1. Suppose the filter is surrounded by 14 or more Cβ atoms within 10 Å (Cβ to Cβ) and away from DNA strand C (no atom under 11 Å from the Cβ); does A:Lys150 pass it?
2. Sort through A:Ile210, A:Ile181 and tell me the only one that's in contact with a helix residue (DSSP H, G or I) (Cβ under 9 Å, 6 or more places away or on another chain), β-branched (Val, Ile, Thr) and at pLDDT below 95.
3. Does the range A:127-186 hold any residues that are over 21 Å from A:Arg207 (Cα atoms) and out of contact with any strand residue (DSSP E or B) (no Cβ under 9 Å at 6 or more places or on another chain), and which are they?
4. Residue under question is A:Phe111, and the condition is that it be of a type in the set (A, V, I, L, M, F, W, C), near DNA strand C (Cβ under 9 Å from one of its atoms), touching a residue at least 24 places away in the same chain (Cβ under 8 Å) and surrounded by 15 or more Cβ atoms within 10 Å (Cβ to Cβ); does it hold?
5. Quick one: which of A:Leu98, A:Leu73, A:Leu61 is surrounded by fewer than 21 Cβ atoms within 10 Å (Cβ to Cβ), among the aliphatic types (A, V, I, L, M) and under 20 Å from the mean Cα position of the chain (by Cα)?
6. Does A:Ile62 satisfy being at pLDDT 95 or above, in a strand (DSSP E or B) and within 23 Å of A:Phe111 (Cβ to Cβ)?
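The values are calculated or read from the model by the stated rules, or taken from the named source; none is laboratory data. All of these numbers come straight from a predicted model, not from anything done at the bench. Backbone-built Cβ (ideal geometry, glycine too); neighbour counts: all protein chains shown.
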Amino acid sequence: MPELPEVETTVRGIAPYLVNTCFDFVRIHHAGLRWPIPSEFSALLTGARCVQVERRAKYILIHTTERTVLAHLGMSGSFRLVAPGTPLKTHDHVQIGLGELELRYHDPRRFGCMLWADSERGQTLLSSLGPEPLTDAFDGLVLYRGARSKRIAVKNYIMTNQVVVGVGNIYASESLFLAGIRPTRAANRISLARYQRLSETIKQVLRQSIESGGTTLRDFVNGQGEPGYFQQTLQVYGRQGQACRVCETPIQSQVIGGRNSYYCPQCQR
DNA sequence: ATGACAACCTGTGGGC
DNA sequence: TGCCCACAGGTTGTCA
């Protein structure tokens with residue numbers, strides 16, 4: 001489900017309702033996620049006041065007066081704000097009381113996680129992350145320099161979190177299309193100039209998607225349960241066999257690194 | 001160090 | 001309708 005724009009949309013959606021609000025109760029219904037939710041989670045967060053909510057890569061950091069929570073949405077996770085008394089749904093793992101509202105963490109596939117940010121696991125996860133794509137710390141030179149010894153396909157390269165965070169399967173295909181680079185091209189066979197272009201299209205695609213409220217595939221919803229609208233703007237993702245929006249050549253799909261990838265064989269070299 | 005790939009799960013959609 | 005299979009937005013860990 002979520003790539004960086006969806007996580008950002010979620011953070012923006014829930015932050016105004018969390019910050020400066022106390023957690024009246026914290027209930028764990030299913031601790032089983034990628035790693036178990038810590039057993040003392042409920043006890044330590046109950047009564048805490050939320051201080052700040054922020055995103056780092058695809059992680060959501062919920063800072064409170066007691067501890068900081070590190071959450072990830074995996075492939076199918078979501079946070080929803082609902083009215084108290086709303087019936088629980090299957091796969092609602094966590095319920096947090098916010099007075100007039102309730103925050104619920106829902107994750108059918110359980111690839112997500114909720115951990116203490118300062119735990120050993122949490123620190124390991126955060127410390128291995130590359131630069132944020134929407135900051136000046138990320139540019140074409142970062143991509144070019146990091147690629148010198150990498151023979152992997154450029155699509156896999158830009159999806160590597162140590163290189164740059166937040167470029168998932170959809171936006172990898174989209175940004176490579178806009179940069180005119182074939183996703184199978186070896187990472188170390190791309191010029192600095194082309195990487196500069198690619199870093200720009202990555203920023204462009206992520207920014208535009210955030211502005212549109214994220215991409216809706218199947219069931220993505222933001223904190224208010226609303227879908228995103230970026231899907232209407234997708235150039236290649238999921239469009240195999242359909243005409244390229246630029247040159248009308250049929251879009252091709254190919255599995256690269258185990259993930260389906262989409263490109264225009266005419267526009268991308 | 002690099003890279004390929006299995007693994008973790010459930011839900012959904014397509015084909016028959 | 002119903003069944004079975006393929007596949008899905010992510011990331012880690014293992015092995016060659």
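1. Here the answer is yes, as A:Lys150 does meet what is asked.
2. Answer to the check: A:Ile210.
3. A:Ser127, A:Ser128, A:Tyr144, A:Arg145, A:Gly146, A:Arg148, A:Ser149
4. For A:Phe111, the condition - of a type in the set (A, V, I, L, M, F, W, C), near DNA strand C (Cβ under 9 Å from one of its atoms), touching a residue at least 24 places away in the same chain (Cβ under 8 Å) and surrounded by 15 or more Cβ atoms within 10 Å (Cβ to Cβ) - is met.
5. A:Leu61
6. Yes.
Conditions (1) away from DNA strand B (no atom under 16 Å from the Cβ); (2) closer than 17 Å to A:Ser127 by Cβ; (3) not assigned by TED's automatic domain parsing to the domain that holds A:Pro16, marked per residue:
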| residue | (1), (2), (3) |
| --- | --- |
| A:Trp35 | no, yes, no |
| A:Glu40 | yes, no, no |
| A:Ala43 | yes, no, no |
| A:Gln52 | yes, no, no |
| A:Lys58 | no, yes, no |
| A:Leu61 | yes, yes, no |
| A:Glu66 | yes, no, no |
| A:Leu70 | yes, yes, no |
| A:Gly74 | no, no, no |
